[in-house]
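Encoded as structure tokens, the structure appears first; notes follow it.
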Amino acid sequence: MKVPYALPYIGEEEIQEVVSALRSNWLSKGPKTLEFEKAFSSLVDSAHAIGLSSCTAGLHIAQVVSGVGPGDEVITTPYTFVATVNTILHCGAKPVFADIDPVTLNIDPEQVERMITPKTKAIIPVHFAGYPCDMRPLLALADKYKLTVIEDAAHAVYTQYHGKPVGSISELTCFSFYATKNLSTGEGGMVTTNNPELADKLKAYSLHGMSKDAWNRYSDKGSWFYEVRYPGFKYNMTDLQAALGLRQLERLAHMQQIRMTYAHAYLDAFSQLEELVLPVDSPEHRHAWHLFFIRIRQGALTITRDEFIDLLKEEGIGTSVHFIPVPLHPYYQQAGYRIEDYPVAKEAYEGVISLPLYPGMTVEQVNYVIDAVVGIVKKYRR
């Protein structure tokens, strides 16, 4: 049996909606983007949602409208995809890493406070795998030190923190709709905010700093005149992306139920394996289950993490590793960052494996993955 690591979950509804967008002759940002933004803001209980070309674009302009610039420091986690950190550099600021919590693998608020200096401008917590960061102490720190919190919610569509949807908690939250995300537009992203002034700036910065987008210039009710108010970027979402997102949004609850069912099947099956550390799942929060990862306890098996991955590959099972900590990448090593300064992130990386988890999987595939993992652990346990 073959079990790919991840596949998009696209049905006839999405195909027909994209065809409808094509036939409308409006391909860039237009009515479907506006409809998708409205629907997504309702999902996450946020006053404003700005559709973008990617979550990376969102992280960049969220920092720009927050005033992050040269001489500033932005604190984030070393245990994230590099886009989170690259965008800090794009603003001319300095990334500062705070180590992670050993249980959730999310940024540790106590470590964050230790890293705050007079140069600190913002904190970017990352909701790893779909489980929420502990936002209350982070927001308290932001209030105490007059900082901006920008949530990286690339994994966190559908996540809730103490009953509040991620997207309504901080001043700015950035989502990803990449091909394998819980809700996909192929490529795409969204920034949510309850601040109308920031929303206006985000809209302008996402489209060259212009006062009007194409829909407001070229539609029947539009006007040709516009002004450039900021030195903006070309980061807008298109109606083709939004069309896909609209139908995905309608099916999101169904897709999430499948993810949760499969994640709990993994949890139940692996809970008796002392050699593995499993993801945390708390009734206080709603886990989006973007990823399901296992961690091999140090010294528990006679094989390495990489050998474990190779054995799964021989069984036809795709896997991934989330994440290679940012300080391990050559550019950041040359910039002076050392993984030894973040021992929790280092240990997590050395044992972590992400298993297949997506709505298009069958129950038979899930059971096949379970049998393979259990068999490998039992064969190679010390």
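Within segment 363-379, does at least one residue satisfy the condition of being in contact with a Ser or Thr (Cβ under 6 Å, 6 or more places away or on another chain) and not hydrophobic (A, V, I, L, M, F, W, C)? For segment 363-379, residues in contact with a Ser or Thr (Cβ under 6 Å, 6 or more places away or on another chain) and not hydrophobic (A, V, I, L, M, F, W, C): absent. ASP143 fulfils the conditions (1) more than 17 Å from ALA98 (Cβ to Cβ); (2) in contact with a Phe, Trp or Tyr (Cβ under 9 Å, 6 or more places away or on another chain); (3) among the acidic types (Asp, Glu) except for a single criterion, (2).
Identify, please: which residue in segment 34-87 is farther than 22 Å from ALA199 by Cβ and of a type in the set (A, V, I, L, M, F, W, C) and is, among those, surrounded by the fewest Cβ atoms within 10 Å (Cβ to Cβ)? That would be VAL82.
All told, VAL103 falls short of being of a type in the set (A, V, I, L, M), in the same structural domain as GLY163 (by TED's automatic domain parsing) and surrounded by 21 or more Cβ atoms within 10 Å (Cβ to Cβ).
Flag set for THR185, criterion: within 19 Å of ALA6 (Cα to Cα), in contact with a Gly (Cβ under 7 Å, 6 or more places away or on another chain), polar (S, T, N, Q) and not in a helix (DSSP H, G or I). When LEU244 is tested against (1) out of contact with any helix residue (DSSP H, G or I) (no Cβ under 9 Å at 6 or more places or on another chain); (2) touching a residue at least 24 places away in the same chain (Cβ under 8 Å), exactly one condition is not met: (1). Would you point out the residue of segment 324-382, among those that are touching a residue at least 24 places away in the same chain (Cβ under 8 Å) and of a type in the set (Gly, Ala, Ser), that is farthest from PHE292 (Cα to Cα)? Per the criteria, the residue is ALA345. Going by the structure shown, is PHE233 over 30 Å from THR33 (Cβ atoms) and surrounded by 15 or more Cβ atoms within 10 Å (Cβ to Cβ)? Criteria not met by PHE233. Scanning segment 71-85 for residues that are part of a loop (DSSP other than H, G, I, E, B) and either assigned by TED's automatic domain parsing to the domain that holds ILE294 or not aromatic (Phe, Trp, Tyr) (or both) returns GLY71, ASP72, THR77, PRO78, THR80, VAL82. Of the set (1) in a loop (DSSP other than H, G, I, E, B); (2) buried (at least 18 other Cβ atoms within 10 Å of the Cβ), all apply to PRO95 but (1). ARG229 meets each of the listed conditions (1) within 17 Å of VAL157 (Cα to Cα); (2) assigned by TED's automatic domain parsing to the domain that holds ALA49 apart from (1). PHE293 falls short of the stated requirement of being in a helix (DSSP H, G or I) and of a type in the set (Phe, Trp, Tyr). Assess whether ILE88 counts as being closer than 28 Å to HIS287 by Cα, part of a strand (DSSP E or B) and assigned by TED's automatic domain parsing to the domain that holds ASP239. It is false that ILE88 is closer than 28 Å to HIS287 by Cα, part of a strand (DSSP E or B) and assigned by TED's automatic domain parsing to the domain that holds ASP239. Applying the set (1) in a helix (DSSP H, G or I); (2) crowded, with 23+ Cβ neighbours inside 10 Å to ALA142 leaves exactly one unmet item: (2). When GLU227, GLU197 are checked against the criterion of being surrounded by fewer than 18 Cβ atoms within 10 Å (Cβ to Cβ), modelled with pLDDT under 95 and among the charged types (D, E, K, R), a single residue qualifies: GLU227. Only one entry in TYR331, TYR349 is buried (at least 21 other Cβ atoms within 10 Å of the Cβ) and among the aromatic types (Phe, Trp, Tyr), namely TYR349. Inside segment 297-324, residues that are in a loop (DSSP other than H, G, I, E, B) and either over 22 Å from LEU7 (Cα atoms) or of a type outside the set (A, V, I, L, M) (or both) make up a count of 13.
The values are calculated or read from the model by the stated rules, or taken from the named source; none is laboratory data. Computed from a prediction, not measured in an experiment: that's the story for all the values here. When we count neighbours, we look across all protein chains shown, and the Cβ atoms used for this are built from the backbone with ideal geometry, even at glycine.
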